[in-house]
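Data block below; observations after.
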Amino acid sequence: MPENVRVSDVRHVLVLPDRDTAQDVADELSDRFGVTEEPQLVRDALAGEDDAEDAQWLVVVEDPAGRLDAAALDAFAAEYEGWLEVP
(Lines give C-alpha, C1' and ligand atoms only; values in the text may rest on other atoms or scores of the structure.)
Protein backbone atom coordinates (compact mmCIF):
# COMPACT_ATOMS: atom_id res chain seq x y z
CA MET A 1 0.00 0.00 0.00
CA PRO A 2 1.38 3.47 -0.82
CA GLU A 3 2.76 5.38 2.15
CA ASN A 4 0.54 8.42 1.66
CA VAL A 5 -2.72 6.43 1.91
CA ARG A 6 -4.18 6.12 5.38
CA VAL A 7 -5.51 2.66 6.11
CA SER A 8 -9.00 3.97 6.92
CA ASP A 9 -9.19 5.83 3.57
CA VAL A 10 -9.06 2.78 1.27
CA ARG A 11 -12.33 2.31 -0.56
CA HIS A 12 -13.28 0.90 -3.94
CA VAL A 13 -16.23 2.04 -6.02
CA LEU A 14 -17.73 -0.33 -8.58
CA VAL A 15 -20.05 1.27 -11.16
CA LEU A 16 -22.91 -0.94 -12.38
CA PRO A 17 -25.71 -0.38 -14.89
CA ASP A 18 -28.71 -0.89 -12.57
CA ARG A 19 -29.80 -1.60 -9.02
CA ASP A 20 -30.43 -5.33 -9.45
CA THR A 21 -26.98 -5.83 -10.91
CA ALA A 22 -25.42 -3.76 -8.13
CA GLN A 23 -27.20 -5.91 -5.54
CA ASP A 24 -25.96 -9.10 -7.21
CA VAL A 25 -22.39 -7.76 -7.17
CA ALA A 26 -22.67 -6.69 -3.52
CA ASP A 27 -23.98 -10.13 -2.58
CA GLU A 28 -21.17 -11.94 -4.40
CA LEU A 29 -18.30 -9.80 -3.02
CA SER A 30 -18.19 -11.84 0.17
CA ASP A 31 -17.89 -15.18 -1.61
CA ARG A 32 -15.52 -13.99 -4.30
CA PHE A 33 -13.25 -11.65 -2.34
CA GLY A 34 -13.95 -12.39 1.33
CA VAL A 35 -15.40 -8.93 1.94
CA THR A 36 -16.80 -8.95 5.47
CA GLU A 37 -18.33 -5.45 5.68
CA GLU A 38 -21.65 -4.91 3.93
CA PRO A 39 -21.00 -2.90 0.74
CA GLN A 40 -23.04 0.28 0.31
CA LEU A 41 -25.35 0.65 -2.69
CA VAL A 42 -25.64 4.21 -3.97
CA ARG A 43 -27.68 5.57 -6.87
CA ASP A 44 -25.52 7.71 -9.14
CA ALA A 45 -27.84 9.98 -11.11
CA LEU A 46 -26.22 12.23 -13.67
CA ALA A 47 -27.31 15.85 -13.91
CA GLY A 48 -30.76 16.04 -15.44
CA GLU A 49 -31.68 12.40 -14.82
CA ASP A 50 -35.04 12.04 -13.11
CA ASP A 51 -35.74 8.38 -13.78
CA ALA A 52 -34.11 5.92 -11.35
CA GLU A 53 -34.11 3.30 -14.10
CA ASP A 54 -31.60 5.35 -16.09
CA ALA A 55 -29.19 5.86 -13.21
CA GLN A 56 -26.01 3.93 -12.68
CA TRP A 57 -25.53 2.30 -9.30
CA LEU A 58 -22.39 2.28 -7.22
CA VAL A 59 -21.21 -0.47 -4.92
CA VAL A 60 -18.88 1.07 -2.35
CA VAL A 61 -16.51 -1.40 -0.73
CA GLU A 62 -14.51 -0.38 2.32
CA ASP A 63 -11.05 -1.97 2.30
CA PRO A 64 -9.30 -0.70 5.45
CA ALA A 65 -6.52 -3.30 5.18
CA GLY A 66 -5.92 -2.45 1.51
CA ARG A 67 -5.97 -6.13 0.61
CA LEU A 68 -8.35 -6.10 -2.38
CA ASP A 69 -6.76 -6.15 -5.83
CA ALA A 70 -8.06 -3.30 -7.99
CA ALA A 71 -7.50 -5.19 -11.25
CA ALA A 72 -9.45 -8.20 -9.94
CA LEU A 73 -12.30 -5.94 -8.80
CA ASP A 74 -12.38 -4.25 -12.22
CA ALA A 75 -12.51 -7.63 -13.99
CA PHE A 76 -15.27 -8.76 -11.60
CA ALA A 77 -17.33 -5.63 -12.31
CA ALA A 78 -16.79 -6.12 -16.06
CA GLU A 79 -18.52 -9.50 -15.77
CA TYR A 80 -21.63 -7.47 -14.87
CA GLU A 81 -21.10 -4.76 -17.54
CA GLY A 82 -19.55 -2.42 -15.00
CA TRP A 83 -16.14 -1.12 -14.00
CA LEU A 84 -14.02 -0.04 -11.06
CA GLU A 85 -13.99 3.75 -10.69
CA VAL A 86 -10.45 5.09 -10.54
CA PRO A 87 -10.00 7.89 -7.96
Give the ranking of 19, 43, 11 by solvent-accessible surface, highest area first, calculated with a 1.4 Å probe.
-> 11, 19, 43
Per residue of region 17-34, in order, report the coupling 6.51 cos²θ - 1.76 cosθ + 1.60 (Karplus, θ = phi - 60°) as ³J(HN,Hα) in whole Hz, putting x for Gly and Pro.
-> x, 7, 5, 4, 5, 4, 5, 4, 5, 4, 5, 7, 4, 5, 5, 7, 10, x
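The values are calculated or read from the model by the stated rules, or taken from the named source; none is laboratory data. No experiment lies behind these values; they were computed from the predicted model shown. We work out accessible area using only protein heavy atoms, side chains counted, and drop any ligands, DNA or RNA first. Shrake-Rupley method; radii C 1.70, N 1.55, O 1.52, S 1.80 Å.
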